[in-house]
Amino acid sequence: MYQALKQNQVVGLAIDLPTNGEGVPVRFFDGTVSLPAAPAALSLKTGAKVLVGYLARLADDHFAGGFVAPIEYEATGDRQRDVAALTQKIVSALEEIIRKHPDQWYMFRPLWSAAAQA
């Protein structure tokens, strides 16, 4: 992925829960969740822009897709802070898409902690 981004190629990533228990805490709708740092870390390391996109199934079983505007972020040099802030911007873009197409989104496992779900 790193080499592809450095060569100005496109890399697609699906954001899921961190598998190793590590992640970046972000605000997602009304709760705090931990999501992988990789998309933000790759962007910061390579200078690649982050585009958040989607596909939505239409009534005729075709799909329509799109992207939100490229996410703008100016790195501060504090890696931990930058990764957290950029990850939050990515999640906020995902919220925008989910609000437009709530019937198209489903989590296959719990995302929020039990306390947050209550």
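For V50, the residues whose modelled amide H falls within less than 5 Å of its own, excluding neighbours fewer than 5 places apart on the same chain, are I71.
Helical runs (DSSP H, four residues minimum) scored at -39500 (n - 2.57) apiece and divided by the length of the chain put the mean residue ellipticity at 222 nm at -10000 deg cm²/dmol.
Between amide H atoms placed 1.01 Å from N, distances below 5 Å from L35 occur with V24, V26, all of them 5 or more places distant or on a separate chain. Each 10 Å bin from zero holds the following percent of Cα-Cα pairs in the chain: 12, 40, 35, 12, 1.
Any read-out appearing in this document is the output of simple, stated calculations on the displayed coordinates, not a laboratory observation. This structure is a prediction, so every number in the text was calculated from the model and none was measured.
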